[in-house]
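Structure first, then comments.
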């Protein structure tokens, strides 16, 4: 039986007014692999499916990337570039708080970072691909997980802890600060990972920027209160 063609994906579907599609087979492969890997995972996606969806031949995957695992690694790197931008923003916020040297400045920097991180977990009303891959790697880690932690997660985590240390210098380097940091990250991830539940319990049709602003403000208030009580 002839296999049914793959449905058009978010990356490949052409709509009126949509931006031009990438021309090179390498870029087309990255575009469709981001969506197919994000939805199905590496094991659930074949090289042939990737090639067909990208309008390329199977040899193109090996030519440009060396194989499916290497293509996945390239997808992960591209998806997490946005999170790398967040780390740079977090470092600027930390530098600003240190320069001003007041608890109020540290609180403002924390509020800015939480708001930005929460919004980076979304691409418009949908979870971003970086957040999708982070969720997938957390549940079903691949060889790429070590790189994700080493190059993206851990540097951001260390910078974030340094910002929290400004709020409670007496707790610097303790588990207490790490628990608060984990709580903040977990609260942000909840809105992305439990999106259907969030939409239902808040009686929303979609996530918008105003809702994310309110969620971020709540997370900051809740977390600052936790720090003050320790």
Single unsatisfied condition, residue 113 versus (1) closer than 12 Å to residue 216 by Cα; (2) in contact with a strand residue (DSSP E or B) (Cβ under 9 Å, 6 or more places away or on another chain): (2)
Filtered residues of the range 184-207 (kept if surrounded by fewer than 14 Cβ atoms within 10 Å (Cβ to Cβ) and under 17 Å from the mean Cα position of the chain (by Cα)): 186, 194
Index of the failed condition, residue 39 passing every other in (1) within 21 Å of residue 144 (Cβ to Cβ); (2) modelled with pLDDT under 90; (3) in contact with a helix residue (DSSP H, G or I) (Cβ under 6 Å, 6 or more places away or on another chain): (3)
Selection within the range 90-112 - within 19 Å of the chain's Cα centre (by Cα) and either farther than 30 Å from residue 33 by Cα or surrounded by fewer than 18 Cβ atoms within 10 Å (Cβ to Cβ) (or both): 91, 110, 111, 112
Among residues of the range 47-68, those that are part of a loop (DSSP other than H, G, I, E, B) and crowded, with 19+ Cβ neighbours inside 10 Å, counted: 1
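The values are calculated or read from the model by the stated rules, or taken from the named source; none is laboratory data. None of the values given here were measured: they were computed from a predicted structure. Here the Cβ is made from the backbone with ideal geometry for all residues, glycine too, and neighbour counts use every protein chain on show.
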